[in-house]
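Engineer: Let me give you the structure first, and then I'll get to my questions.
The values are calculated or read from the model by the stated rules, or taken from the named source; none is laboratory data. These figures come from a predicted structure and were not determined experimentally. Please note: Cβ atoms are built from the backbone with ideal geometry, for glycine as well, and neighbour counts cover all protein chains shown. SASA here: full protein model, heavy atoms, side chains in, ligands and nucleic acids out. Shrake-Rupley method; radii C 1.70, N 1.55, O 1.52, S 1.80 Å.
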Amino acid sequence: MKKVKKWAALGLAAVMTLSLAACGGKSDNAGSGADNAQTNEAAAAPEEASRNDEAGQEAPADNAGGEKVKINMAVWNGTWGEDLNKFMVDFNSKNPDIELDVQMQTGDYSDFLGAKVAANDLPDVYILTPYTQVQAFAEAGRLMDLSGESFVDRVYPAALDAGKGKDGKIYAYPANYEYLGVFYNKALFEQAGIETLPTTREEFEAVCAQLEGAGIQPIAPTYKHSWTLKHLFSTLLTPFVQDDIPGFVASLNSGQGTFDVEGIDEVFQFADIMKKYSGSNMMDQDSTSGFNALANGQAAMLVSGEFSLSTVAAMDPVPEIGCFAVPVASDASLNKLAVDVGICYVINANTAHPEECKRLLDYMSNPDEEGGYIEIVACELGDAPPAMPYSGGAPSAAMDDYTAYCDAGNTVPWVYQQYANGFDVTSGDIFQGYMAGAKDQATVIQEMNESYLNFIE
């Protein structure tokens, strides 16, 4: 495989040291799902004696002497080290008065953040997961308010929610979008005589039957890895709670909510279609085999994320792969592309160099910066695109489809990113039982409800 997902390898994906959204990470190792609850608690803990200006950190320094201002940025370790080094060199060359030091953290990034919080020594700029972790650090007074910064007008409006605090202010730059949908081989669709993409569950089932009738396996399974199923369950559920995701999550967090929402029957009906058309040994197939099946034409469709296209990119010739929203509902208007922020960059509220840090985020969020951050990290097929209109990167039918959904505002976030910390992983484990035929719908819903209560308790 070519260079794997820079974003999702950290997070997409999927689920690495911060239980990222992100999404699948490397195609076969994104299932660890470490819980970041302790880091969130540490951020808000009563060492808030260390909070804001009373933190005892050095006062902002000027640059009157002409020396370079040194700022540091912490990220977790991943396959993107070479890219981040290129970005650091490029930024420093274009900003001779600033010396940026990008520090790759080995080990558990949550432990790193927790230690930095305890020591009141957070970096000038660092990465947090969207939604709950950003909110926790913001509530603890550890993040700079970025509501007036340039990226706010550059990114898609929906992306800003991932970096908002509970007070509605923007505390984080939502660096990238990752998207989950149905990736399909255009040549195999044409071979089966399919001319119209399905927009409802009934149409999707008809497409599956037509593919099978043409001797083509309809769906590439990835169900041996439960992280793929946390994505699937979230993608199937979100259309039915999209009108009030904060309210749905708040009800779960109160202990009064349930996964037995209106439309839940359709979630399991769609899963049944996937089970029917994913082959006889579907539970033995992991993400690697599923990605390969799409890439080499063994299956016509894959329900997954853009990170799977890294495998497609390694083919010669590269097959033409498109993408459409998972048509889980009978009501086509509910079916939207599942798109959400993978990682967020934040600025330490107590940094000694706020203006230089803001210049860094301006540079990082500028899609027109030649040779800059976005161009470096979003250049290959399978890379997560920036969370803004962007015409760069490797051209692909899937990227064109993604852009059309985003430009039309026809997207929904990933509800699992807003669950109580760690439950996202458990949801995949539970749903895996249904895909394997070991649990029925009622049992899955009951286990989801009971498990969620354990997490909030």
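Engineer: Dividing the convex hull volume of the Cα atoms of region 314-380 by its residue count, what figure in Å³ per residue is obtained?
Structural biologist: Working: hull volume 12.3 nm³, N = 67.
Measuring per residue, one finds 184 Å³ for the Cα hull of region 314-380.
Engineer: Per DSSP H run of n ≥ 4, the term is -39500 (n - 2.57); total these for the chain, divide by its residue number, and report the mean residue ellipticity at 222 nm rounded to 500 deg cm²/dmol.
Structural biologist: Values: 17 runs with 171 residues, N = 457.
Helix-only estimate at 222 nm: -11000 deg cm²/dmol.
Engineer: Mind jotting down a quarter of the surface of the convex hull over the alpha carbons of region 190-239, in square nanometres, one decimal? Present the calculation step by step, with values, prior to reporting the outcome.
Structural biologist: Numbers: hull surface 16.8 nm².
About 4.2 nm², averaged over all directions.
Engineer: Another question, then. Could you work out the relative contact order of region 241-363, using alpha carbon pairs under 8 angstrom and six or more residues apart, expressed as a whole percent?
Structural biologist: Details: 55 pairs, mean separation 18.7, N = 123.
So the answer I get is 15 percent.
Engineer: Give me the one-decimal nm value for the distance between modelled label points at Asp145 and Val89, 7 Å along each residue's Cα-to-Cβ direction.
Structural biologist: 4.0
Engineer: Two-decimal Rg/Rh of region 186-320 from alpha-carbon positions, Kirkwood Rh?
Structural biologist: Numbers: Rg = 16.5 Å, Rh = 16.2 Å.
Looking at region 186-320, the ratio lands at 1.02.
Engineer: Return the inverse of the average 1/r over all pairs of distinct C-alpha atoms in region 94-185, which is the Kirkwood hydrodynamic radius, in Å to one decimal.
Structural biologist: On the way: mean 1/r = 0.0657 Å⁻¹.
Mean inverse Cα-Cα distance, inverted, gives 15.2 Å.
Engineer: Let me ask something else. Give me the percent relative contact order of the chain, please, defined on Cα pairs under 8 angstrom at least 6 residues apart.
Structural biologist: On the way: 952 pairs, mean separation 112.9, N = 457.
Reported as a whole number, the value is 25 percent.
Engineer: Rounded to the nearest 0.05, what FRET efficiency is calculated for Glu67 and Val261 with R0 set to 51 Å and r the Cβ-Cβ distance?
Structural biologist: Details: r = 58 Å, r/R0 = 1.14.
Working from the Cβ atoms, E equals 0.30.
Engineer: Taking the Cα centre of each part, how many Å lie between region 67-114 and region 181-225?
Structural biologist: 43
Engineer: If I model a spin label at Lys169 and Asn120 as a point 7 Å from the Cα along the Cα→Cβ vector, what separation in nanometres do I get?
Structural biologist: So the label points at Lys169 and Asn120 sit 2.0 nm apart.
Engineer: Sticking with this one: What aspartates and glutamates does Lys68 reach when the alpha-carbon gap must be under 18 Å and sequence neighbours fewer than 8 apart in one chain are set aside?
Structural biologist: List returned: Glu58, Asp90, Asp97, Glu99, Asp101, Asp124, Glu355, Glu356.
Engineer: If I compute solvent accessible area with a 1.4 Å probe over the protein chains, what percent of it on region 334-442 is carbon and sulfur? Present the calculation step by step, with values, prior to reporting the outcome.
Structural biologist: On the way: 1540 of 3390 Å².
With neighbouring chains kept in place, the figure for region 334-442 is 45 percent.
Engineer: Quote the convex hull volume per residue of region 129-168, based on C-alpha atoms, as a whole number of Å³. Provide the component values of the computation, followed by the final result.
Structural biologist: On the way: hull volume 2.7 nm³, N = 40.
Convex hull volume per residue, Cα atoms: 68 Å³.
Engineer: Name the long-range amide H neighbours of Val412: under 5 Å, sequence gap of 5 or more, or other chain; modelled H, no Pro or chain starts.
Structural biologist: It is Leu337, Ala338, Val339, by chain and number.
Engineer: Size of the dipole of region 202-292 about the Cα centre, Lys and Arg at +1 and Asp and Glu at -1 on the beta carbon, nothing else charged, in debye to 20?
Structural biologist: Working: 4 positive and 13 negative charges, 95 e Å.
My answer is approximately 460 debye.
Engineer: Label 7 Å along Cα→Cβ of Ala250; region 139-181 residues with amide nitrogen under 15 Å?
Structural biologist: Counting only backbone N, you get 165-168.
Engineer: Could you tell me the relative contact order of region 306-457? Use alpha-carbon pairs under 8 Å, at least six residues apart, and round to a whole percent. All intermediate terms of the calculation are to be shown ahead of the outcome.
Structural biologist: Values: 128 pairs, mean separation 38.7, N = 152.
Once normalised by length, the contact order is 25 percent.
Engineer: Considering every Cα-Cα pair within the chain, what fraction, in whole percent, is farther apart than 43 Å? The partial results should precede the final answer.
Structural biologist: Details: 13192 of 104196 pairs.
Considering the chain, 13 percent of its Cα-Cα pairs are separated by more than 43 Å.
Engineer: Still on this model: With both partners inside the chain, how many of the DSSP beta bridges are antiparallel, as a percent to the nearest 5?
Structural biologist: Working: 22 of 37 bridges.
Rounded to the nearest five, the antiparallel share is 60 percent.
Engineer: Here is a further query. Taking a threshold of 19 Å on the Cα-Cα distance, which of the pairs Lys166/Lys336; Lys186/Lys276; Lys169/Lys336; Lys166/Lys230; Lys224/Lys439 fall above it?
Structural biologist: On the way: Lys166/Lys336 26 Å; Lys186/Lys276 22 Å; Lys169/Lys336 27 Å; Lys166/Lys230 26 Å; Lys224/Lys439 16 Å.
Distance filter (> 19 Å) returns Lys166/Lys336; Lys186/Lys276; Lys169/Lys336; Lys166/Lys230.
Engineer: Mind jotting down a quarter of the surface of the convex hull over the alpha carbons of region 89-137, in square nanometres, one decimal?
Structural biologist: Working: hull surface 18.5 nm².
Result: a mean projected hull area of 4.6 nm².
Engineer: Right, another one. Sequence-distant or interchain residues sharing an amide H contact under 5 Å with Ala394, placed H: which?
Structural biologist: For Ala394, whose amide H was placed from the backbone, the distant partners under 5 Å are Glu380, Leu381.
Engineer: Write down the Kirkwood hydrodynamic radius of region 345-457, to one decimal in angstroms, obtained as one divided by the mean of 1/r over all alpha carbon pairs.
Structural biologist: Details: mean 1/r = 0.0554 Å⁻¹.
Value: 18.1 Å, from the Cα pair sum.
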